[in-house]
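Comments concern the structure below.
The values are calculated or read from the model by the stated rules, or taken from the named source; none is laboratory data. Just so we're clear, the structure is a prediction, and the values are computed from it rather than from any experiment. With ideal geometry, Cβ positions are generated from the backbone for all residues, glycine too; neighbour counts draw on all protein chains shown. Note: areas computed on protein heavy atoms with side chains; ligands, DNA, RNA excluded. Shrake-Rupley method; radii C 1.70, N 1.55, O 1.52, S 1.80 Å.
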Amino acid sequence: MALRVVVLVSGSGTLLQSLIDAQSGPEFGARIVAVGSDRPAVEGLDRARQAGIPTFSHPLPKGADRAAWDRALTELVADHQPDVVVLAGFMKLVGAAFLEKFSGRIINSHPALLPSFPGMHGTRDALDHGVKITGSTVFLVDDGVDSGAILDQAAVRVLDDDTVDSLHERIKITERELLVRVVARMAAQSWWVEGRKICWGGSDGR
Ligand code: GAR
């Protein structure tokens, strides 16, 4: 049975698109059962609709009760009975209810080599720091900011004339491949965390 995946997006959804494209191959082993967003009019939701995937949006109005928003998001996602939730450019921190419900099954993708440069501006912060190698990290979400156990990483060389945009675009090329690889692996193998380390088991653990 295919791994059921709910993807959350806040923007253009090119990471989502890489998962949509991958799921047409028989070896992928995962199926996107819904795509949600905190922003109702983003391209990511259009991409899902074009692929015939159910969508929902769940904005967080200014001054709203954040915990109530998180509980409602948890229910919206849970309705689709995901095995894994992928945050693919989802720019809101999920809260306690969400983390409890999907503990160990929420993955996020970050445009830097964690634990360096966590937060909203990973690409910019790495460039400003003057690093020569950066990249992307796919990790299990915990209650910190980009602090969960690392599932996989890919390196990208920083060029002398890089801008934040040029570097981020190159990172996103590797990031898409990385995310597809990790989701395919989660579909094929069981996983658990020992300390900070992800361990991979056989296919019968799921
Ligand atoms: C990706 O680079 C992802 O790592 C980043 O947003 C981009 C989404 O691109 N997410 C974060 O920075 C989360 N902290 P996309 O909308 O084209 O898929």
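Per the listing Gln23, Gln17, the residue uniquely touching a helix residue (DSSP H, G or I) at 6+ places or on another chain (Cβ under 7 Å), more than 12 Å from Leu87 (Cβ to Cβ) and surrounded by 18 or more Cβ atoms within 10 Å (Cβ to Cβ) is Gln17. Of all the listed residues (Val42, Val6, Val94, Val84), the sole one being out of contact with any His (no Cβ under 7 Å at 6 or more places or on another chain), of a type in the set (Val, Ile, Thr) and either farther than 23 Å from Gly119 by Cβ or open to solvent by 50 Å² or more (accessible area, probe 1.4 Å) (or both) is Val84.
For segment 160-170, state whether one or more residues are closer than 19 Å to Ile198 by Cα and away from the ligand (no atom under 11 Å from the Cβ). Taking every residue of segment 160-170 in turn, none turns out to be closer than 19 Å to Ile198 by Cα and away from the ligand (no atom under 11 Å from the Cβ). (1) open to solvent by less than 40 Å² (accessible area, probe 1.4 Å); (2) more than 22 Å from Leu178 (Cα to Cα): which one isn't true of Leu114, the others all being true? If we test Leu114 against (1) open to solvent by less than 40 Å² (accessible area, probe 1.4 Å); (2) more than 22 Å from Leu178 (Cα to Cα), just (2) comes out false.
The set of residues in segment 129-151 being surrounded by 16 or more Cβ atoms within 10 Å (Cβ to Cβ) and either in a strand (DSSP E or B) or among the hydroxyl-bearing types (Ser, Thr, Tyr) (or both) consists of Thr134, Gly135, Ser136, Thr137, Val138, Phe139, Leu140, Ile150, Leu151. Looking only at segment 123-140, residues that are within 16 Å of Ile150 (Cα to Cα) and small (Gly, Ala, Ser) come to 2 in all.
This table checks each residue for (1) touching a residue at least 60 places away in the same chain (Cβ under 8 Å); (2) closer than 19 Å to Val138 by Cβ; (3) more than 13 Å from the ligand (Cβ to nearest atom).
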{"position": "Leu8", "(1), (2), (3)": "yes, yes, no"}
{"position": "Thr14", "(1), (2), (3)": "yes, yes, no"}
{"position": "Ile20", "(1), (2), (3)": "no, yes, no"}
{"position": "Val42", "(1), (2), (3)": "no, no, no"}
{"position": "Pro59", "(1), (2), (3)": "no, no, yes"}
{"position": "Lys62", "(1), (2), (3)": "no, no, yes"}
{"position": "Asp65", "(1), (2), (3)": "no, no, yes"}
{"position": "Asp70", "(1), (2), (3)": "no, no, yes"}
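I'd like the residue in segment 101-154 that is in contact (Cβ under 8 Å) with a residue 40 or more places away in the chain and of a type in the set (D, E, K, R) and, out of all such residues, is nearest to the ligand (Cβ to nearest atom). Within segment 101-154, the match that is nearest to the ligand (Cβ to nearest atom) is Arg124.
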